[in-house]
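**Student:** First the structure, then my questions, so here it is.
The values are calculated or read from the model by the stated rules, or taken from the named source; none is laboratory data. Every value quoted in this text rests on a predicted model; they were computed, and no experiment measured them. Here the Cβ positions follow ideal geometry from the backbone for every residue, glycine too, while neighbour counts run over all protein chains shown.
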Amino acid sequence: METRVHKGVIVAAGYGTRFLPATKTLPKEMLPLMDRPAIQFIVDEFRDAGIDEILVITSRRKKALDDYFDREVELEGVLAGEPAKLQKLQMADFGNVKVTFVRQQRMLGTLSALFLAREFAAGEPIAIAYPDDVFFSQTPVTGQLIDALCTYQSDKPVVCAIAVEDFGQRDVSRYGVVVPKPGADTSQRVFEIAGVVEKPKCTPPSHCVSYGRYVFTSALFADIERQFEKHGFDGTTELTLSPASDDLAREGAALAVCVEGVRRDLGQPEGFLAAGIDYALSGGLEGDELRDFKQYLKSLVDGF
């Protein structure tokens, strides 16, 4: 595929129940890693990967997300004489990146949410991010997927790229695990897959787990419609992304991309804490603040 990807979708309609009571009134995506809400890390990743249009799928309890990407004109006026604070206020100004929103009226799974992005995609490929996954990497993970999708050579059209990590001998039963195509060389950074098995109960098809980053061609939306028909979607059933990935893998070349970078699971409180530390050490703190924080971490380690 020669066309670059410039549209991205963030699926952010979930309840965030693991972070109650905080998420009773505050969207999980707005919980801060130090001074930045979690969703900003995703938007930054998309922007750095060349994406300039972003659709955020939300729900009626998440108006704070809309407000975050709006201007705060009154506060800008108050901070006019304090450039450092004004710069922080304007961190949500992403230049040429256009952010829009659509609400998922009922929580009916990922496919139902993604289908709301059909008009936004308008026949173009899209990147998809689940905000539970935040990556710290030199090259944006979404950019790594786009590069793979655009450069991989195959006899079939390349229809999607999925971010994965090789877990080696670690337990993969809590994850989606990719199924390599027969003959695929899983030692390579990019290889073709036949689908994804969610939370395998028996022997897993591989040790490569799928993370919350994807790039799909527009073929995704036709397949979502087929999934609705196949499963008799009646507005009450939750459907995940895996069956659509399986179908697309049979139609074309579906790619697993072993991405480079550190991934943190913001769906778990301990992952959120680790991500905050990663951010502090990788640029969130500087100078004396960074030195003092490192000394604090060292004192914690020495105390164990």
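**Student:** Would you confirm, using the coordinates I've provided, whether VAL164 is modelled with pLDDT under 90, surrounded by 17 or more Cβ atoms within 10 Å (Cβ to Cβ) and of a type outside the set (Asp, Glu)?
**Tutor:** no
**Student:** Take the conditions within 22 Å of PHE136 (Cβ to Cβ), under 17 Å from the mean Cα position of the chain (by Cα) and assigned to a loop (DSSP other than H, G, I, E, B) and apply them to ILE39. Does it pass?
**Tutor:** Judged against the criteria, ILE39 is not a match.
**Student:** Continuing with this model, one more query. Could you run through region 262-293 and say how many residues are without any contact (Cβ under 8 Å) to a residue 12 or more places away in the chain, over 15 Å from LEU31 (Cβ atoms) and loosely packed, with under 13 Cβ neighbours inside 10 Å?
**Tutor:** 7
**Student:** Oh, and also: Give, as residue ranges, the strands (runs of 3 or more DSSP E) completely inside region 58-140 that count at least 1 residues that are at pLDDT below 80.
**Tutor:** The strands (runs of 3 or more DSSP E) meeting that bar number zero.
**Student:** Of everything in region 167-187 that's assigned to a strand (DSSP E or B) and out of contact with any Pro (no Cβ under 6 Å at 6 or more places or on another chain), which residue is surrounded by the most Cβ atoms within 10 Å (Cβ to Cβ)?
**Tutor:** VAL178
**Student:** Are any residues in region 188-207 out of contact with any Pro (no Cβ under 8 Å at 6 or more places or on another chain) and among the hydrophobic types (A, V, I, L, M, F, W, C), and if so, which ones?
**Tutor:** VAL190, VAL196, CYS202
Quick grid of which residues meet (1) modelled with pLDDT of 85 or more; (2) assigned to a loop (DSSP other than H, G, I, E, B):
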| residue | (1), (2) |
| --- | --- |
| SER210 | yes, no |
| PHE228 | no, no |
| PHE233 | no, yes |
| THR236 | no, yes |
| THR240 | no, yes |
| PHE272 | yes, no |
| ILE277 | yes, no |
| ALA280 | yes, no |
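**Student:** Please tell me if GLU119 is among the acidic types (Asp, Glu) and more than 25 Å from TYR68 (Cα to Cα).
**Tutor:** The answer is no for GLU119.
**Student:** Determine the pairs where a residue that is on the phi > 0 side of the Ramachandran plot and of a type in the set (Phe, Trp, Tyr), located within region 1-18, has a partner that is buried (at least 22 other Cβ atoms within 10 Å of the Cβ) and at pLDDT below 80 with Cβ atoms under 9 Å apart, the partner being 6 or more residues away or on another chain.
**Tutor:** The qualifying pairs do not exist here.
**Student:** Looking at region 138-179, which of its residues are under 13 Å from ALA254 (Cα atoms) and in contact with a Phe, Trp or Tyr (Cβ under 6 Å, 6 or more places away or on another chain)?
**Tutor:** Those that are under 13 Å from ALA254 (Cα atoms) and in contact with a Phe, Trp or Tyr (Cβ under 6 Å, 6 or more places away or on another chain): VAL158, CYS160, ILE162, ALA163.
**Student:** Still on this structure, please answer the following. What about ALA64, is it in contact with a Pro (Cβ under 7 Å, 6 or more places away or on another chain), surrounded by 13 or more Cβ atoms within 10 Å (Cβ to Cβ) and over 21 Å from LEU31 (Cα atoms)?
**Tutor:** no
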